[in-house]
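Beneath this line is the structure, given in structure tokens, with notes to follow.
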Amino acid sequence: MARQCWQAAPCSSLNAASIDKDACSRDIHCENLKAGADNIPRKTRLRLGSLIHDVSRLRRTVADRAMREYEITWAQGWMLLHLDNHEGEMRQVDLAVILDIGTVALGTQIDRLEERGLVERRADPGDRRSKHLFLTQAGEQKLAEILPAALELDGMMTEGFSAEELAETAAVLQRMKDRLVELDDGQRGS
């Protein structure tokens, strides 16, 4: 069985039985990782992925610390924000897809938000198995309370960057995200 590389093309030189993990970490044999059409070196591509992961993890860590005084986690704040962006109501399963987390993990977070009166679950009149989430007045107040802190954190994180640098970075990351969504959809469909 041919091993799949990061660009969803089979690596003809590797199979699951013959992979030397130490050798792979030093010298990845997949042609699709050596350099792209832009002749971007493999090391640069791998470093970029590492940086994206590190920035995401560190941002979440710093944001969770900043949200402690509001007695909410960064992830819970994102849930409130997404509900607000959908006019205070959406199906629980749709929120799980948007946040890219499992329905059980989301359910646990929603339980906590519901216990605090920040969201409310209601059965879908057309499908009793489906739950709709509603942002309560207390949830709207909590969101209004945390948004300035979130914006301040984003301001500190991007301090020293020009508007052009931030716009270009956002555009590149959006294109990467779009490409990853394509790849994910392609792998799910096959």
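The values are calculated or read from the model by the stated rules, or taken from the named source; none is laboratory data. Remember, predicted model here, so these are calculated numbers, not experimental data. As a convention, Cβ positions derive from the backbone with ideal geometry for all residues, glycine included, and neighbour counts pool all protein chains shown. The protein model used for the area step is the full one, side chains on, heavy atoms only, and it has no ligands, DNA or RNA in it. Shrake-Rupley method; radii C 1.70, N 1.55, O 1.52, S 1.80 Å.
Overview of values
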read-out	value
Percent carbon-and-sulfur accessible area, the stretch 64-157, ignoring ligands, DNA and RNA, probe 1.4 Å	50 percent
Equivalent ellipsoid dimensions for the stretch 54-145 as semi-axes, Å, which come from the Cα gyration tensor, largest first	23, 15, 11
Per-residue ³J(HN,Hα) for the stretch 172-186, Karplus 6.51 cos²θ - 1.76 cosθ + 1.60, θ = phi - 60°, Hz, x for Gly and Pro	5, 5, 5, 5, 4, 4, 4, 5, 5, 4, 4, 4, 5, 4, x
Those aspartates and glutamates that a straight Cα-Cα span of less than 15 Å connects to Lys43, excepting residues fewer than 8 apart in one chain	Asp27, Glu31
Length added when fully stretched, Thr158-Arg188, from 0.36 nm per residue minus Cα-Cα	7.3 nm
FRET efficiency estimate (nearest 0.05) - Cβ-Cβ, Arg59 to Glu145, R0 30 angstrom	0.90
Distant-in-sequence amide H partners of Arg91 (H built 1.01 Å from N, under 5 Å)	Leu133
Per residue, in Å², the accessible surface of the stretch 86-190 once ligands and nucleic acids are set aside, probe 1.4 Å	70 Å²
Whole-Hz ³J(HN,Hα) from phi, Karplus 6.51 cos²θ - 1.76 cosθ + 1.60, for the stretch 48-63, glycine and proline x	4, x, 5, 5, 4, 4, 4, 4, 4, 5, 5, 4, 5, 5, 5, 5
Distant-in-sequence amide H partners of Ser130 (H built 1.01 Å from N, under 5 Å)	Asp124
The stretch 37-132, relative contact order in percent, only Cα pairs under 8 angstrom and at least six apart counted	18 percent
Neighbour cut-off at most 11 other Cβ (10 Å), DSSP loop, GluC sites (Glu not before Pro), the stretch 76-152	Glu87
